[in-house]
Amino acid sequence: MELITSAAVATTSPIRHVLDIGCGAGNNSIRLRQACGDDFAVTLLDLSEPMLKRAEARVAHLNGAQIGSIACDFRDAELPERAYDVILAAAVLHHLRDDDDWHNAFSKIFRLLRPGGSVWITDLVNHETAAVQDMMWSRYGEYLESLKDSDYRDKVFEYIDREDSPRAVTYQLDLLRRVGFAQVELLHKNSCFAAFGAVKTDRRHDASE
């Protein structure tokens with residue numbers, strides 16, 4: 001959270017309207033408000049209405065600007081284009097499925113940002129090379145087992161196989177470029193997790209249009 005919110009503040013000014021995709025309890029919006037130092041309008045988006053209510057209350061405690069919430073899948077949400085200064089997506093995009101799904105979601109993010117705006121992502125990632133993927137997955141499995149036991153490790157892996165479709169961070173950085181972002185940044189990668197983002201340069205026309 002510290003990396004992506006600090007990057008948002010460093011690259012994007014002013015921050016007037018934020019979209020928090022898969023906001024959960026609002027942690028990333030809260031951390032961004034703390035890093036920014038000024039109020040901003042925020043749109044919280046999550047599938048869970050109870051989580052949205054919790055996020056609204058927590059963000060409102062710190063942020064005095066307008067707070068809206070949408071209980072919806074990001075892919076289906078009707079959102080205004082070129083309206084957001086910062087888009088945050090934490091541990092949510094790995095639910096995207098095939099290549100078309102990934103391309104459409106990243107293109108939508110590009111369209112939603114104003115010129116000069118930025119998107120910052122933290123997520124589970126896999127790897128392009130099968131041998132590296134196996135090695136990293138084995139290390140991740142050892143970590144999960146150390147948290148509890150082998151049954152817990154197996155349950156996490158089963159859930160990922162059933163519900164998630166992570167992509168390599170290299171795949172996602174290339175995709176950000178393909179949908180129109182000229183400036184992309186890898187902030188951090190550790191094993192199967194990465195933090196990265198992109199800035200939408202101020203141009204007359206969007207590359208995706």
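The values are calculated or read from the model by the stated rules, or taken from the named source; none is laboratory data. These numbers come from a predicted model, not from an experiment. Glycine also receives a Cβ, built like all others from the backbone with ideal geometry; neighbour counts cover every protein chain displayed. Keep in mind that these areas ignore ligands, DNA and RNA; they rest on the heavy atoms of the full protein, side chains included. Shrake-Rupley method; radii C 1.70, N 1.55, O 1.52, S 1.80 Å.
Worth a mention:
- When region 156-181 is filtered for residues that are at pLDDT below 95 and of a type in the set (A, V, I, L, M), the ones remaining, listed by number, are 156, 160.
- Residue match in region 110-117 (condition: out of contact with any His (no Cβ under 9 Å at 6 or more places or on another chain), more than 24 Å from residue 2 (Cα to Cα) and among the aliphatic types (A, V, I, L, M)): no
- Checking the stated criteria, residue 47 turns out to be farther than 29 Å from residue 183 by Cα, open to solvent by 70 Å² or more (accessible area, probe 1.4 Å) and without any contact (Cβ under 8 Å) to a residue 40 or more places away in the chain.
- Residue in region 110-132 that is open to solvent by 80 Å² or more (accessible area, probe 1.4 Å) and among the aliphatic types (A, V, I, L, M) present: no
- Residue count for region 146-169, restricted to those that are part of a loop (DSSP other than H, G, I, E, B), in contact (Cβ under 8 Å) with a residue 12 or more places away in the chain and over 21 Å from the mean Cα position of the chain (by Cα): 0.
- Number of the exception - residue 122 against (1) in contact with a Lys or Arg (Cβ under 7 Å, 6 or more places away or on another chain); (2) within 23 Å of residue 25 (Cα to Cα): (1)
- Filtered residues of region 59-100 (kept if touching a residue at least 60 places away in the same chain (Cβ under 8 Å), of a type in the set (Asp, Glu) and either surrounded by 22 or more Cβ atoms within 10 Å (Cβ to Cβ) or within 26 Å of residue 114 (Cβ to Cβ) (or both)): 85
- Only a single criterion out of (1) in contact with a Leu (Cβ under 8 Å, 6 or more places away or on another chain); (2) at pLDDT 95 or above; (3) at negative phi; (4) open to solvent by 10 Å² or more (accessible area, probe 1.4 Å) is not satisfied by residue 153, namely (2).
- Among (1) open to solvent by 20 Å² or more (accessible area, probe 1.4 Å); (2) in contact with a Ser or Thr (Cβ under 6 Å, 6 or more places away or on another chain); (3) part of a strand (DSSP E or B) - the single one residue 56 does not satisfy: (3)
- Tally of residues being aromatic (Phe, Trp, Tyr) and modelled with pLDDT of 95 or more across region 107-150: 2
- Looking only at residues in region 7-28 that are part of a helix (DSSP H, G or I) and touching a Leu at 6+ places or on another chain (Cβ under 9 Å), the one that is most open to solvent (accessible area, probe 1.4 Å) is 9.
- Residue match in region 134-145 (condition: outside any loop (DSSP other than H, G, I, E, B) and under 28 Å from residue 76 (Cβ atoms)): no
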